[in-house]
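One structure below.
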Amino acid sequence: MWTREYLKTRAKAVLKVAYWKAFLVSIVLLLAGADGGGSSGGRSNNRYTNHGFDPFGQPGGEFTLYPSIIIIFITIAAAFILYRILIGYALEVGGRRFFKQATQQDINMSYLGYAFKGERYLDIIKTMLYRGVLNFLWYLLLIIPGIVKSYAYSMVPYILADNPNIGYSRAVQLSNQMTEGHKFDMFVLDLSFIGWYLLGVLLFFIGTLFVRPYEDATKAELYLVLRQNALDNGYCTADELFMANPI
């Protein structure tokens, strides 16, 4: 059974020799899955409509303004979704591979481009999209089941970092098996970083960026432990995850 102290101690050992490279990869990971900004235009428009002021100088122009805002919002949202699917997913898997390999002192930032090569790309995009749709559907059902399933599917990028062609259903199945009985401990592990992030917030929010490599390195250590458990329990083989002959 793993402990938070064990994972974090090993993560710190990796960061001692590769912190700044890990920092840059963590920034890429953050950008690959960054949250979109919210819209606050509604309230400011009321200042003009309440006084009968048309920002375009035309009666009733405020009614033509709202569809324009909606179209712009939809366009930006669609662009973000496409970016997340076509680029973000691949960068996420490459970043997870970097941290996974860094645990073995294989520190190479070229792993960021790992998912863009050959047949890996389409298989990775398909699997990550499948995971994203499943997560979305569970969150539509209820928040708590959505959170639980997000932990259940959290190992998918790491599994793809080992074997990008494993198949979308098999990757999700194996992630479910790996995290079985560990989800609450994973939740507590996430909570253990809150203090560091609060400290980062006090440093004008910039400090939170320096916590990310610590968290990412710790999660890579967690994957190694869960992967070994899966091997020991017969959920998968070393060949299936290309452990004998890494690609």
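Numbers at a glance
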| quantity | calculated |
| --- | --- |
| Of 218, 153, 238, farthest towards positive along the dipole that unit charges on Lys, Arg, Asp, Glu beta carbons give the chain | 218 |
| Candidate lysines for bridging to residue 219, where Cα separation is under 24 Å - those fewer than 8 sequence places away on the same chain excluded | 8, 12, 16, 21, 100, 126, 149, 183 |
| Residue order, fewest to most surrounding Cβ atoms within 10 angstrom, among 2, 20 | 20, 2 |
| Potential extension, residue 30-residue 231 segment - 0.36 nm per residue separation minus Cα distance | 69.3 nm |
| Cβ-Cβ FRET estimate between residue 205 and residue 104, R0 fixed at 45 Å, reported to 0.05 | 0.85 |
| Top positive-direction residue, dipole computed over the chain with Cβ charges, set 22, 66, 81 | 22 |
| Simple spin-label estimate for residue 190 and residue 139 in nanometres, 7 Å along Cα-Cβ | 1.1 |
| Phi-based couplings in Hz for the range 70-87 (Karplus 6.51, -1.76, 1.60; Gly and Pro marked x) | 4, 5, 5, 4, 5, 5, 5, 5, 5, 5, 5, 4, 5, 4, 4, 6, 7, 10 |
| Candidates 127, 208, 179, ranked by Gaussian network fluctuation over the chain, Cα under 10 Å, top entry | 208 |
| Selected from 206, 171, 143, residue furthest toward positive end of dipole (the chain; charges at beta carbon) | 206 |
| Hz values of 3J(HN,Hα) by residue in the range 185-201 - Karplus curve (6.51, -1.76, 1.60), Gly and Pro given as x | 5, 5, 4, 5, 4, 4, 4, 5, 8, 4, x, 5, 5, 5, 5, x, 4 |
| For the range 111-175: relative contact order, % (alpha-carbon pairs under 8 angstrom, 6 or more apart) | 40 |
| Gaussian network model of the chain, springs between alpha carbon atoms under 10 Å - residue of 228, 105, 177 with greatest fluctuation | 105 |
| At R0 = 25 Å, FRET efficiency that the Cβ-Cβ distance of residue 21 and residue 83 yields, to 0.05 | 0.55 |
| Calculated Rg and Dmax of the chain using C-alpha coordinates, Å | 21.5, 73 |
| Length gained when the stretch residue 74-residue 122 is fully extended (0.36 nm per residue, less Cα-Cα span) | 14.7 nm |
| Of 21, 117, 126, the one that fluctuates the most in a GNM where the chain has Cα springs shorter than 10 Å | 117 |
| In degrees, nearest ten, helix 89-102 long axis to first principal axis of the chain (Cα) | 30 |
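Since every read-out is calculated from the coordinates, none of them should be taken as a lab result. All of these numbers come straight from a predicted model, not from anything done at the bench. Ideal geometry is used to build each Cβ from the backbone, glycine not excepted, and the neighbour counts take in all protein chains shown.
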